[in-house]
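**Student:** Would you mind keeping the following structure in view while I ask a few things?
We did not get these values from a lab; they are worked out from the coordinates using the rules stated. Everything quoted here is computed from the prediction, not taken from an experiment. Positions of Cβ are generated from backbone atoms using ideal geometry, with glycine treated the same way; all protein chains shown enter the neighbour counts.
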Amino acid sequence: MARATELELPFDVEALRAARAGKRLGRFCHYFETTDSTNSVAQQLARDGAAEGTVVIADAQTKGRGRLGRSWSSPPFRNLYLSVILRPPIALGEAPQLALVVGAAIAEAIREWAPHATLKWPNDVLLEGKKVSGALTELEVVSDGIAFVIAGIGVNLNIHDDELPDELRDKAIGLCSITGAAIDRVAFADTLLARLESLYDTYLSSGFAAIRPRWEQLSALTGRRLQVDDCGRRYAGIALGLADDGALRLRLDDGREQTIVAGDVTVVDGYAPGR
Ligand code: BT5
C-alpha cells in the first residue's frame, strides 16, 4: 500500500472543480493547505454571501471541530475535511433532519468503497465498529428562520491504524485499511458531493419521509439496545427506527416510547457489523 511520501501530495482542487463543473454542490471550491476549521471558513464565506453549494476543503485542520465542543483529529494529506454551504428553505425545527441527510450521503459514498459501512444515529459512519467519518452540521439563524447551514464532513481515507493518535486507536479507522489500497481523495470528494446533492434534492422536493427508508437501510440500529444521552438526560431502550421527522424512536424498559431529536448514542452490545 502507498505510504508516507506518496500520500503527502496536496488535494487536487482543480480536478475536483472540473468534476463538479455545472453541478450544484461543489461548483465553487475553496482550498487551503491548512486552516483552523473548514466549518469556520465556510461560515465566514456564507456570512459574506457565498452561494449554496460552495465547498471548503483543507489538507489539514489545526482546530477541527466535532459536536458539543469535541475535537476532530485532522492530520495533513491523508483524509478529507470538507464543508458545504447549504441554504435550505426549511423551518428551524426541521434542521436536525439535514444532519441525517448528510449522514446518509456520507454512508452511501463510503459504501462505494466498503459495502458494509453502516450509519450510527445521527450521522457517524462506522466500519468494523469503528468510526470512519463524522459530520458537524451547524446553522446560522436570522429572525425569520435559517440563514444557512454548514455541513462539515470529516472522512478518514488514507490514514493507517498505526498513525492514529493513541486515544483513537480503538475507535477510529481509515477507509484504506478496508480497501487495502490508497483512496483517490478527489474521486471520493466528487462521489460524496454527488450523493449529497441527490439526497438533498430529494429531501427538499419530497421531505424527510422520502429519506427515512434509505437512512434505515444504511443503519444497523433498529432492534438494538441503546443508551442515549440527550443533553444530560439518559435513556435506555430498544431502537424502533426513525420517525418520519427524523427523530430516533426508542422503546424504553417500562414500555413507553420516547422520541429523541438530538443526542449521543451508545450501542450497548457493541456495533460490529451483522449484529
Ligand atoms: C463528529 O463529532 O463526528 C463531527 C466531526 C466533523 C469533522 C468535520 S472535518 C470538516 C469540518 N470542519 C470541522 O471543524 N469539523 C468538520 P462527534 O460526534 O462529536 O465526534 C467527535 C469524537 O470522535 C471525538 O471526541 C473523538 O472521540 C472522535 N474522533 C476525533 N477525531 C476522529 C477521527 N479523525 N476519526 C474518528 N474519530 C475521531
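**Student:** Rounded to the nearest 0.05, what FRET efficiency is calculated for E167 and A51 with R0 set to 35 Å and r the Cβ-Cβ distance?
**Tutor:** Efficiency, rounded to the nearest 0.05: 0.35.
**Student:** Rounded to the nearest 0.05, what FRET efficiency is calculated for A181 and K63 with R0 set to 30 Å and r the Cβ-Cβ distance?
**Tutor:** The value I calculate is 0.45.
**Student:** Right, next: Positive end of the charge dipole of the chain (Lys, Arg +1 and Asp, Glu -1 on Cβ, about the Cα centre): tell me which of G180, Q217, I90 has its Cα farthest that way.
**Tutor:** Of G180, Q217, I90, it is Q217.
**Student:** Would you mind computing, in nm to one decimal, how far apart the modelled labels at E216 and L240 are, each placed 7 Å from Cα along Cα→Cβ?
**Tutor:** Between E216 and L240, the simple spin-label model gives 1.2 nm.
**Student:** How much FRET efficiency would the formula 1/(1 + (r/R0)^6) give for D36 and R233, where r is the Cβ-Cβ distance and R0 is 45 Å, rounded to 0.05?
**Tutor:** 0.90
**Student:** Shifting gears a bit: Per the helix-only calculation at 222 nm, which mean residue ellipticity applies to the chain, given -39500 (n - 2.57) for every DSSP H run of n ≥ 4 and division by its residues, nearest 500 deg cm²/dmol?
**Tutor:** Helix contribution divided over all residues of the chain: -8000 deg cm²/dmol.
**Student:** Hey, what do the phi angles of region 247-261 turn into as Karplus ³J(HN,Hα) couplings, whole Hz, using 6.51/-1.76/1.60 and θ = phi - 60°, x for Gly and Pro?
**Tutor:** These are the phi-based 3J(HN,Hα) values: 5, 7, 9, 10, 8, 5, 4, 8, x, 6, 9, 10, 9, 10, 8 Hz.
**Student:** Quick one: K171, K131, fewest Cβ neighbours within 10 Å first, how do they rank?
**Tutor:** K171, K131
**Student:** Size of the dipole of region 4-217 about the Cα centre, Lys and Arg at +1 and Asp and Glu at -1 on the beta carbon, nothing else charged, in debye to 20?
**Tutor:** So the magnitude is around 540 debye.
**Student:** Here's a follow-up. Using θ = phi - 60° and the Karplus curve 6.51 cos²θ - 1.76 cosθ + 1.60, what whole-Hz ³J(HN,Hα) does each residue of region 216-223 get, with Gly and Pro shown as x?
**Tutor:** Running phi through 6.51 cos²θ - 1.76 cosθ + 1.60 with θ = phi - 60° gives 5, 5, 7, 9, 10, 8, 4, x Hz.
**Student:** Going by a ≥ b ≥ c, the root eigenvalues of the Cα gyration tensor, does region 221-267 fall in the rounded group (a/c under 1.5), the prolate group (a/b larger than b/c) or the oblate group?
**Tutor:** Since a/c stays below 1.5, the shape of region 221-267 is classed as rounded.
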